[in-house]
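No lab work stands behind these numbers, since they all come straight from the coordinates. Not measured: the values here are computed from a predicted model. Methodologically, a virtual Cβ is constructed for each residue, glycine included, from the backbone with ideal geometry; neighbour enumeration extends over all protein chains shown.
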Amino acid sequence: MKPAPFRYVAAESLGQALSAKAAGGDEARFLAGGQSLVPAMNFRLARPAMLIDLNPLFELDYVRAAGQGGLSIGALTRHRTLERSPLVAEHAPLVAEAVRHVAHPQIRNRGTLGGNLAHADPASELPAVMLALGARFRVRSARGERWIEAAGFFRGPLATALGPEEMLAEIALPGLPPRSGTCFVEVARRRGDYALLGVAAVVTLGDDGTCTAAGLALCNAGATPVRATRSAAMLVGRRAGEREIAAAAAAVAGEIDPPGNVHATAAFRRHLAGVLTRRALATAAARAGAGARAR
């Protein structure tokens with residue numbers, strides 16, 4: 001298959017890219033890694049009139065330490081960079097762990113974080129990770145910029161809060177509090193496949209060993225990545241023991257509306273959600289405890 005005809009613009013600056021998008025509106029699409037867009041174009045599921053290539057914009061390819069242990073990540077940063085970055089491993093271990101589950105090395109070499117998030121596939125790992133970490137997204141257009149919380153960014157399958165003239169420019173990850181542990185787990189039919197279901201968990205322990213904060217998000221559990229706020233809140237103020245974690249994991253089924261298809265029924269995905277949430281929370285709590293003892 002070949003794509004429908006389109007106009008190609010290789011952006012020489014961020015300003016040029018945004019101006020081209022303002023002119024093209026919904027008929028223009030940004031090209032980053034192209035790992036989702038190009039196949040869709042080849043099958044003519046996507047027919048943009050204009051393709052704006054962002055790859056010359058090296059200014060959007062970076063991982064930088066931010067204040068209070070956070071990170072700033074440019075939208076054009078490749079998955080492979082996230083996988084190998086010492087800064088990501090130190091400040092955002094959940095990202096480093098989850099990105100290894102994204103497709104195959106060849107795709108991670110080209111795919112970008114910004115493109116992945118803007119594509120907003122509910123089965124993708126990294127949107128759920130952003131929800132669990134409480135990320136914020138800097139969005140740019142020819143008119144200016146604004147910030148969007150990850151919790152308000154994903155609107156539906158392949159749909160986001162981005163306006164027709166906007167692009168995702170930067171991802172801001174807050175620093176993890178002391179005595180925090182994270183974990184990402186998923187089940188897929190084959191290595192590199194989309195997860196049947198995945199879980200990202202963050203657990204923070206106080207000086208007395210009780211849970212002071214928890215974050216929990218799931219992929220392929222609904223029309224968007226799902227932040228399981230009620231289940232995570234069940235741990236706060238309590239010790240994250242086996243009984244408490246089991247109760248939180250059991251409650252996850254009530255917060256999700258997973259799809260069913262030939263690969264897995266909705267009932268099986270609900271079962272996976274409970275099993276994987278229990279594993280993820282237990283591992284995150286153990287890592288938080290190990291970090292506290294190391295200090």
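Couple of notes before you dig in:
- Using C-alpha pairs below 8 Å separated by at least 6 residues, the relative contact order for the stretch 7-53 is 57 percent.
- When you count the other C-beta atoms within 10 angstrom of each residue and take the mean per peptide, 148-154, 193-199 line up highest first as 193-199, 148-154.
- Enclosed volume per residue, in Å³, of the convex hull spanned by Cα atoms of the chain: 123 Å³
- Loop sites in the stretch 209-295: GluC sites (Glu not before Pro), DSSP, at most 13 other Cβ within 10 Å: none
- At an R0 of 22 angstrom, the distance between the Cβ atoms of Asn109 and Tyr8 translates into a FRET efficiency of 0.50.
- Site pair Val262 and Asp193 shows an inter-label distance of 1.2 nm when each label is modelled 7 Å from Cα along Cα→Cβ.
- Dipole check for the stretch 116-257: with +1 at the C-beta of Lys and Arg, -1 at the C-beta of Asp and Glu, and the Cα centre as origin, the magnitude is about 40 Debye.
- 3J(HN,Hα) from dihedral phi, the stretch 277-289, Karplus parametrisation 6.51/-1.76/1.60, rounded to Hz, x for glycine, proline: 4, 4, 5, 5, 5, 5, 5, 4, 5, 5, 5, 5, x
- Glu145-Thr210 pseudo-label distance in nm [points 7 Å out on the Cα-to-Cβ vector]: 4.0 nm
- Beyond 20 Å, the tail of the calculated P(r) for the stretch 180-294 holds 36 percent of the Cα pairs.
- Approximating the spin labels as points 7 Å out from Cα along Cα→Cβ, the Glu242-to-Ala23 distance works out to 6.6 nm.
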